[in-house]
Amino acid sequence: MAIWFSTPTLEMLNNDFHDSAAANVGITFTDIGDDYLTASMPLDHRTQQPFGILHGGVSCVLAETVGSHASMLCLDMEKHYCVGLDINANHVRAASSGHVHGTARPIHIGGSTHVWGITIVDDQGRTVCASRLTMLVKERRN
């Protein structure tokens, strides 16, 4: 059973943030299922720290991008919106070339908060970062 409020498409998601931090580091949405969303990001000069490996803060950009988009897809955006409340990240493996891929899966989808587990892997499927994102759901005031 799908958790999304409406039926999202990758085209819609990839056209959603042209002039943003996510676009500046090359994040693109690559897969969507009934209960997960995946985005990929290249490892290049925009995303690496001086030693040539993935910058930990940029891992958080990928995690928050995929998790916050997943959270928004669970809402009636005419009535609610969401904002990041907390993010943590455990960097477990260095990555230096290719792409990394972040997949968000729900831990909790409530009326006032959403919690997402985001696993970032390298091209070989090895875990690079394990992150958790908490989103605050707010009511729109017209």
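Out of Asp44, Asp31, Asp16, Asp86, one residue alone is modelled with pLDDT of 95 or more, out of contact with any Ser or Thr (no Cβ under 8 Å at 6 or more places or on another chain) and either among the acidic types (Asp, Glu) or on the phi > 0 side of the Ramachandran plot (or both). It is Asp44. Restricting attention to the range 90-108, the residues that are in contact with a strand residue (DSSP E or B) (Cβ under 8 Å, 6 or more places away or on another chain) and surrounded by fewer than 20 Cβ atoms within 10 Å (Cβ to Cβ) add up to 12. Scanning the range 40-72 for residues that are within 22 Å of Val137 (Cα to Cα), among the hydrophobic types (A, V, I, L, M, F, W, C) and touching a residue at least 24 places away in the same chain (Cβ under 8 Å) yields Cys60, Val61, Leu62, Ala63, Val66, Ala70. For first residues located in the range 1-28 and closer than 24 Å to Asp76 by Cβ, partners that are loosely packed, with under 14 Cβ neighbours inside 10 Å and lie 6+ apart or on another chain with Cβ distances below 6 Å form the pairs Ala2/Asp34; Phe5/Asp76.
In the range 86-113, the residues that are free of Cβ contacts under 8 Å to residues at least 24 places away in the same chain form Cβ pairs under 8 Å with partners that are part of a strand (DSSP E or B) and crowded, with 16+ Cβ neighbours inside 10 Å, at six or more places apart or across chains, as follows: His108/His114; His108/Val115.
The values are calculated or read from the model by the stated rules, or taken from the named source; none is laboratory data. Here the structure is a predicted model, which is why all the values come from computation and not from measurement. We place every Cβ from the backbone using ideal geometry, glycine too, and count neighbours over all the protein chains shown.
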